[in-house]
Amino acid sequence: MSGLLFRSGPKTPVAWRACLLDNGEGGLFPELIEIPAGEYALPGENPDLAPFFKAPGLNPVRVEKPFLLQTGEVTVREFQRYVDAIERMQDKDERSRLLDRIGLLWKKQSTQEGAGIRGVSWEAAEDFAAWLAQQTGCNYRLPLQTEWAAAVLHLESLDPVVPSRSEPIPHGPLGILLWGAREWTGTPCPEGYLLVGEDDWVQPASVTGESCMPAPLSVGGFRVILEPENRGG
């Protein structure tokens, strides 16, 4: 996590259940869904899921601890709130550094406030998670590749009807995971960090292997997760 400093924070770390506060549309706390710990069976020949699980690191899919996954991508509204906070920073050098990491490409994508953010670098996604943790006291971070995969398999087990890629707008947590924006993870790779999922914003990305991109490139969306154990009862 980056060492962001804001005059309005940070808040004292809170019990994780306080991070589930329903503060209505536009609030700081994202909507979360629990993903259990354990080993998840691969999807076999399911044509909608199998291509996502060909990467060597996903055989098998195992997570040691349960976690809480944001049900959708960080939205334009949520990201704009972060950008506004950066623009109010008193430290000109730090403000300039963070705005450079944010870039301008995200503004050229969807302007709908409730749409998932796109055109963001890993650096800006990581900074956002650090800022959100600082503002709320909740230990948010980017998910790992294995955590994303576990979320897909868990959600599919709850509703085995996988949303179709042909739908113009992905629906439900599983549909957004698979067919929303390509999403940054916290999993490093030789060129930077792994992206997961698929979208049609640029040329359709192949999901038959890993997608590794340099951290400064503004090529993805993202979401956050929360580990309950990291904040007491």
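Structural remarks
- The selection criterion, being surrounded by 20 or more Cβ atoms within 10 Å (Cβ to Cβ), of a type in the set (D, E, K, R) and at pLDDT below 90, does not hold for residue 165.
- Flag if residue 147 is assigned to a helix (DSSP H, G or I) and either hydrophobic (A, V, I, L, M, F, W, C) or modelled with pLDDT of 90 or more (or both): yes
- Residues (at pLDDT below 75, surrounded by 14 or more Cβ atoms within 10 Å (Cβ to Cβ) and in a loop (DSSP other than H, G, I, E, B)) located in segment 36-54: 46, 48, 54
- Screening segment 58-139 for helices (runs of 4 or more DSSP H) wholly inside it with 2 or more residues that are among the small types (Gly, Ala, Ser) and under 17 Å from the mean Cα position of the chain (by Cα) returns the ranges 122-136.
- Taking (1) at pLDDT 95 or above; (2) more than 19 Å from residue 217 (Cβ to Cβ) in turn, residue 112 satisfies each apart from (1).
Per-residue answers, yes or no, for (1) in contact with a Phe, Trp or Tyr (Cβ under 8 Å, 6 or more places away or on another chain); (2) buried (at least 20 other Cβ atoms within 10 Å of the Cβ):
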| site | (1), (2) |
| --- | --- |
| 112 | no, no |
| 116 | no, yes |
| 122 | yes, yes |
| 132 | yes, yes |
| 137 | no, no |
| 144 | no, no |
| 147 | yes, yes |
| 150 | yes, yes |
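- Residue check for residue 96: surrounded by fewer than 19 Cβ atoms within 10 Å (Cβ to Cβ) and at pLDDT 95 or above: yes
- Residue check, residue 64 surrounded by 21 or more Cβ atoms within 10 Å (Cβ to Cβ) and either under 27 Å from residue 17 (Cβ atoms) or in contact with a strand residue (DSSP E or B) (Cβ under 9 Å, 6 or more places away or on another chain) (or both): no
The values are calculated or read from the model by the stated rules, or taken from the named source; none is laboratory data. In this text the structure is predicted, and so the values were computed from the model without any measurement. FYI the Cβ positions are ideal-geometry reconstructions off the backbone, even for glycines, and counts take in every protein chain you see.
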